[in-house]
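Here the structure comes first, spelled out in structure tokens, and everything after it is commentary.
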Amino acid sequence: MEPTAVCVSAILERCRLQAGESVVVTGPGPIGLISLAIAKTAGARFVGITGRSSAEGMRFEKARELGADFILNTDREDPVKKVQEMTGG
């Protein structure tokens, strides 16, 4: 439960995510994947996750299962540039 509580606190209380906002989660580890699920459940319009080539396979696949709208491999793409393109700045 503690990892979930950490994510809820960070996303809903500290960041004050509002429905309709866009979210980028850095890293598809356990905390990142839980954060992705919470952001989607909280009504974020556009939720993506970044990760390295080592996350290809199980971690990126789990992100897809949890509803990631996009997945960026930071070894292949500049995440800042790509997110700005996808979100209109």
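The values are calculated or read from the model by the stated rules, or taken from the named source; none is laboratory data. If you're wondering where the values come from, they're calculated on a predicted model, not measured in any experiment. Ideal geometry is used to build each Cβ from the backbone, glycine not excepted, and the neighbour counts take in all protein chains shown. The accessibility values were calculated without ligands, DNA or RNA, using every heavy atom of the protein model including side chains. Shrake-Rupley method; radii C 1.70, N 1.55, O 1.52, S 1.80 Å.
Residues to consider are 39, 19; find the one that is within 24 Å of residue 2 (Cβ to Cβ) and among the hydrophobic types (A, V, I, L, M, F, W, C). Give the derivation first.
Numbers: 19 fails: within 24 Å of residue 2 (Cβ to Cβ).
Exactly one residue qualifies, and that residue is 39.
List, please: which pairs have Cβ atoms under 9 Å, are six or more places apart or on different chains, and start with a residue in region 1-22 that is at positive phi and end with one that is open to solvent by 70 Å² or more (accessible area, probe 1.4 Å) and not in a helix (DSSP H, G or I)?
Sorted first by the residue in region 1-22, then by its partner, the pairs are 20/45.
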